[in-house]
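A.B. asks: This is the structure, below, for whatever I ask next.
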Amino acid sequence: MDPAIKSQDAEWIVTQSVCARPRSLGGFVLNHLNIRLHISTLIILFLLIFSVTTLNAKKKLKYRHLEDYLIYAKKNNPKIKSSLEKAKSIKERMKQVISQPDPNLKYAYSVEEVETRVGPQKQKIGISQKFITGGKLKLKGKRSYFQSKIAEEEYNQVVSEIFFAVKKTYLEYYYITKEITISEETLNLLKYIEIITITKYKVGQISQPEVLQIQVELGKLENRIKTLVEFRKTISGKLKYLINLKSKNVFPYDLIVDKFSISKSVSEITEWIRKSNPEIKRLNQKIKLMGVNHTLALKMNVPDITASLDYIDTGRSLFGNPLDNGKDPIVFMVSVNLPFRKNKYRAAAREVTTMRKSIRLEKEEVINRLEFELERSIFKINDALRRASLYRDSLIPKAVHSLKVAQTAFINGKTDFISMFEPLKVMLELHLAYERAVIEQGIQMAMIEFMAGSSLPKGWKLKQNTKILKESTSELFPKAETSGG
């Protein structure tokens, strides 16, 4: 190759390399600028990637207490807001029904003038007013008042329904998160067992089927955890729908659930529900409304009065000059409707009476249903408390002790994997059963509050002991990730 060409190639390589030694001061400055340019480009690229990642990242909400979600739902749930607007609109109806009807203004023009003794009548203008009598307007005002009260109780019923759905979904989200946590801890235990089993297999202490069996159980548990994680997204979506949360943020995994029992007797709770249940209160208002409608139906046979005043524009007579020639007459008139068809009003009164009986029977059915549902909820709460106490104080400690014994025997080669896995599976099931009992208690407490339409009074709640063990399942074995496996 030509030496001149080699020299040119070498010079090109040096000038293009940011790390090459500069042959002159200008080359040094150029290389320095190139290095700074590359660093600036990398920094800008990093910032862009970081900003995009930050924008796309799903942040966790700060709400950890159930009360936060209830407040948010009451402010934002469309069904609650719709019911509230309906109640407000019905309240405005009272101002409309207690007023007398608007007066009527009438005008008549004579296409062909009517000739009278005092002159031709050209046009007529008049005004009339109908007066509702017999206290019917006052009764209509009472009817509107009770209708607004019914709308208020319907709103309270909607709030109570949404609150119960939020509480139940919140508790289910808490439970599924607990189940994921416990399952992940169990997975760590199985991974540790897998490490021990592989070590034993390498030195010939166990056969390959035992290793494969552990790996099958690991795969099943990993698949279960993935299913639970996806199912938690579904529950999270339902909770977002109930509180009308539009953001893509996820709910925190460390939700706080207070565990309480009720300190009052069933009879006291029943009396409280009867007084505060929105459905019963709505039916009570409907019964009062039917009483007003009955009185109003009987009052409809009281005649209403219509008074009118007419002014007639009269021209001068063309035939002579009679007395009062061209005088404009003013006519005052009173009319009364004649309620001859009294059977119609009596039938309306009988209809209201029958409807009132129907509402009273409906109220009786609601009370019976609420009493049954209360007894069932109290039974489920007591049963959940009993089961939670049994798991917490007896079965779970025994299961942990059994697992430790099986662990020691397995490590020392005195038992196989099946004997090791069974206590582990039992402990997992007991932990989940305990959490299910706790959640069932919370759901039934929410059910009682739903029946009452309000939260339990503070003096009625007794805080429960929720401490299970001094050590969790994760402390029984080291985590597989830290065991060198």
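The values are calculated or read from the model by the stated rules, or taken from the named source; none is laboratory data. Values in this document were obtained by computation on a predicted structure and should not be read as measured data. Neighbour counts are summed over all protein chains in view; Cβ atoms, including those assigned to glycine, are modelled from backbone coordinates with ideal geometry.
Residue-by-condition table, conditions (1) of a type in the set (A, V, I, L, M); (2) on the phi < 0 side of the Ramachandran plot; (3) at pLDDT below 65; (4) touching a Phe, Trp or Tyr at 6+ places or on another chain (Cβ under 8 Å):
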{"site": "413", "(1), (2), (3), (4)": "no, no, no, no"}
{"site": "418", "(1), (2), (3), (4)": "yes, yes, no, no"}
{"site": "422", "(1), (2), (3), (4)": "no, yes, no, no"}
{"site": "430", "(1), (2), (3), (4)": "yes, yes, no, yes"}
{"site": "433", "(1), (2), (3), (4)": "yes, yes, no, yes"}
{"site": "439", "(1), (2), (3), (4)": "yes, yes, no, yes"}
{"site": "472", "(1), (2), (3), (4)": "no, yes, yes, no"}
{"site": "480", "(1), (2), (3), (4)": "yes, yes, yes, yes"}
{"site": "483", "(1), (2), (3), (4)": "no, yes, yes, yes"}
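A.B. asks: Test residue 245 against the criterion of being assigned to a loop (DSSP other than H, G, I, E, B), aliphatic (A, V, I, L, M) and loosely packed, with under 14 Cβ neighbours inside 10 Å, and give yes or no.
C.D. replies: No.
A.B. asks: Filter the stretch 208-234 for residues that are of a type in the set (D, E, K, R), farther than 12 Å from residue 187 by Cβ and under 33 Å from the mean Cα position of the chain (by Cα) and give the result.
C.D. replies: 230, 232, 233
A.B. asks: Okay, moving on. Quick check on my filter: what residues within the stretch 190-231 are outside any helix (DSSP H, G or I) and surrounded by 15 or more Cβ atoms within 10 Å (Cβ to Cβ)?
C.D. replies: 206
A.B. asks: Moving on. Would you confirm, using the coordinates I've provided, whether residue 350 is touching a residue at least 12 places away in the same chain (Cβ under 8 Å), part of a helix (DSSP H, G or I) and either polar (S, T, N, Q) or more than 19 Å from residue 452 (Cα to Cα) (or both)?
C.D. replies: The answer is no for residue 350.
A.B. asks: Same structure, new question: Regarding the stretch 308-328, can at least one residue be identified that is touching a residue at least 12 places away in the same chain (Cβ under 8 Å), outside any loop (DSSP other than H, G, I, E, B) and charged (D, E, K, R)?
C.D. replies: yes
A.B. asks: Give the stretch 66-95 a look and list any residue that's of a type outside the set (Gly, Ala, Ser) and without any contact (Cβ under 8 Å) to a residue 40 or more places away in the chain, or say none.
C.D. replies: Result: 67, 68, 71, 75, 81, 85, 88, 92, 95.
A.B. asks: Separate question: Among the residues of the stretch 406-418, is any assigned to a helix (DSSP H, G or I) and among the acidic types (Asp, Glu)?
C.D. replies: Within the stretch 406-418, not a single residue is assigned to a helix (DSSP H, G or I) and among the acidic types (Asp, Glu).
A.B. asks: Another one. Determine whether residue 72 is surrounded by fewer than 19 Cβ atoms within 10 Å (Cβ to Cβ), part of a helix (DSSP H, G or I) and at pLDDT 90 or above.
C.D. replies: So residue 72 fits the description; yes.
Listed here are the residues, each with its yes/no results for (1) surrounded by 13 or more Cβ atoms within 10 Å (Cβ to Cβ); (2) among the β-branched types (Val, Ile, Thr); (3) in contact with a Leu (Cβ under 8 Å, 6 or more places away or on another chain); (4) over 30 Å from residue 459 (Cβ atoms).
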{"residue": "292", "(1), (2), (3), (4)": "yes, yes, yes, yes"}
{"residue": "307", "(1), (2), (3), (4)": "yes, no, no, yes"}
{"residue": "322", "(1), (2), (3), (4)": "yes, no, no, yes"}
{"residue": "332", "(1), (2), (3), (4)": "no, no, yes, yes"}
{"residue": "337", "(1), (2), (3), (4)": "no, no, no, yes"}
{"residue": "366", "(1), (2), (3), (4)": "yes, yes, yes, no"}
{"residue": "371", "(1), (2), (3), (4)": "yes, no, no, no"}
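A.B. asks: Another question, then. When you look at residue 154, is it more than 14 Å from the chain's Cα centre (by Cα), over 30 Å from residue 218 (Cα atoms), touching a residue at least 40 places away in the same chain (Cβ under 8 Å) and surrounded by fewer than 20 Cβ atoms within 10 Å (Cβ to Cβ), yes or no?
C.D. replies: yes
A.B. asks: Then there's this: From the list 104, 77, 156, 188, pick out the single residue that is over 30 Å from residue 318 (Cα atoms), among the polar types (S, T, N, Q), out of contact with any Asp or Glu (no Cβ under 6 Å at 6 or more places or on another chain) and not assigned by TED's automatic domain parsing to the domain that holds residue 216.
C.D. replies: Just a single option satisfies the conditions, and that option is 104.
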